[in-house]
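Step one of this worksheet: look at the structure below.
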Amino acid sequence: MTTLHQLLLLLGLFVVPLILLMSGHRIKRSSSARQRLFWGAVTGHIVALLLALGASLWPPTGWLPTDTWRGALGVWSLVVLPIVGALVAFLGTRRTTS
Amino acid sequence: MTDPNTPHRRRWTRWAFYSHLWLGVVATLALASISVTGVLLNHKRGLGLMPDVPHETDAPLASSLSLDDLALRAFRAVPAEARPGWNEADGVKPGLIDRMDVRPRDGFVKVRFRDRDNTEATVDLATGKVLHVGPRNDVFLEKLHSGEIFGDGFILLSDVAAVALAVTLITGYWLWLSPRLIRGRETGVK
């Protein structure tokens with residue numbers, strides 16, 4: 001595992017949920033767009049958690065730098081999918097309101 | 001009687017609630033990973049993650065071949081990926097071996113290699129016959145369970161998760177107990 005992967009793992013494992021938790025404070029009182037952003041990011045992170053868990057366990061052999069899909073699902077997804085989820089939800093809101 | 005709903009208790013309950021919430025969310029994946037790998041490790045034989053090599057021997061331990069000879073036989077038996085860059089002429093390269101686990105009661109030695117699959121060769125101590133060759137998937141799961149797989153220092157990750165779990169259990173218990181204590185005292189006052 002490269003240093004970048006280690007950093008991304010820590011970011012996705014601890015920093016992203018912390019940010020989500022902080023942004024979820026009094027979410028019901030915030031605007032509809034912000035609520036959508038929040039729930040999109042939460043959904044993205046939950047999906048990423050499941051993917052990362054699966055990718056880390058299967059196959060039960062060591063990680064190699066050449067394991068592209070494993071790196072994508074096990075490390076990158078934890079950071080990228082919450083952003084994708086938030087964007088998808090935000091764009092969905094814009095389309096609905098316009 | 002003292003008021004059960006004192007500021008001190010309210011502060012503690014508030015702290016317990018937020019600790020429970022924050023630690024629970026932050027430690028979710030680490031704890032899920034530790035739980036799943038823990039269950040898999042408990043059933044590693046049944047799930048075929050660890051080879052079970054039945055072997056009986058009457059040969060005395062004194063008749064065992066040398067460690068070097070046994071290791072050489074293991075080198076010959078394992079696939080080339082498990083011993084990259086090795087030639088017969090090199091003899092045994094200790095750097096490619098993770099460990100040799102001698103089982104005198106079973107009459108064999110397990111030679112584990114330092115490759116991606118943690119390939120292991122089981123060799124008879126007396127005859128040198130290779131009994132089994134295959135990957136040790138449970139070794140990977142053990143490293144994932146401890147966090148060691150992600151690099152040096154990541155073992156602290158499982159420590160953090162364990163502490164988070166303990167704090168979450170204590171605070172969860174308090175959050176369940178506290179309202180009942182207050183209700184019980186109020187009923188007692190009446």
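Would you be so kind as to list the residues of region A:23-54 that have their accessible area lowered by at least 40 Å² in the full protein complex compared with their chain by itself (1.4 Å probe)?
The answer is A:Leu49, A:Leu53.
Return one whole number: the accessible area per residue of region B:29-93 in Å², for a 1.4 Å probe.
60 Å²
Roughly how much accessible area, to the nearest 100 Å², goes out of reach of solvent when B and A pair up, both sides summed, probe 1.4 Å?
Summing both sides, the interface buries roughly 2200 Å².
Probe radius 1.4 Å, ligands and nucleic acids ignored: give me the carbon and sulfur share of the accessible area of chain B as a rounded percent.
Ligands and nucleic acids excluded, carbon and sulfur reach 58 percent.
What number do you get for the protein assembly as shown when its Cα radius of gyration is normalised by 2.2 N^0.38 Å, N = residues?
Here the Cα radius of gyration is 1.41 times the empirical estimate.
Region B:130-159: which residues show an accessible-area loss of 20 Å² or more, assembly versus chain alone, 1.4 Å probe?
B:Asn137, B:Phe140, B:Leu144, B:Ile149, B:Phe150, B:Phe154, B:Leu157
At a cut-off of 40 Å², which residues of region B:108-123 become less accessible once all protein chains are present than in their chain alone, using a 1.4 Å probe?
In region B:108-123, residues shielded by partner chains: B:Arg116.
Running a GNM on chain A with Cα contacts under 10 Å, which residue among A:Ile19, A:Ile83, A:Ile46 ends up with the highest mean-square fluctuation?
Top of the fluctuation ranking is A:Ile19.
Taking 2.2 N^0.38 Å as the expected size of a compact globular protein, what ratio does the Cα radius of gyration of region B:64-135 give against it, to two decimals?
The value comes to 0.98.
How many angstrom separate the Cα center of region B:102-175 from the Cα center of region A:23-49?
Each part reduced to its Cα centre gives a spacing of 38 Å.
Other chains near B:21-34: what is the mean number of their Cβ atoms within 10 Å of each residue's Cβ?
Taking the mean over all residues of the peptide, I get 4.
Which of the GluC sites (Glu not before Pro) found in region B:29-124 are loop residues per DSSP with 14 or fewer other Cβ atoms within 10 Å of their Cβ?
B:Glu56
Peptide A:79-90: average number of partner chain Cβ atoms within 10 Å per residue?
Mean partner shielding for this stretch: 0.
Rounded, prolate or oblate: which fits chain B when a ≥ b ≥ c are the square roots of the eigenvalues of the alpha-carbon gyration tensor, with rounded for a/c under 1.5 and prolate only if a/b beats b/c?
Prolate.
So what is log10(I(q)/I(0)) for region B:112-162 at q = 0.13, 0.30 1/Å, when the Debye sum runs over its Cα atoms only?
Computed log10 I(q)/I(0) values: -0.44, -1.05.
Please work out the average accessible area per residue across chain A, using the 1.4 Å probe convention, and give it in Å².
58 Å²
The values are calculated or read from the model by the stated rules, or taken from the named source; none is laboratory data. The shown structure was predicted, so the numbers you read here are calculated from the model rather than taken from an experiment. Every residue, glycine as well, gets a Cβ built from its backbone with ideal geometry; the counts of neighbours run over all protein chains shown. Surface accessibility is based on the protein's heavy atoms, side chains included, excluding ligands, DNA and RNA. Shrake-Rupley method; radii C 1.70, N 1.55, O 1.52, S 1.80 Å.
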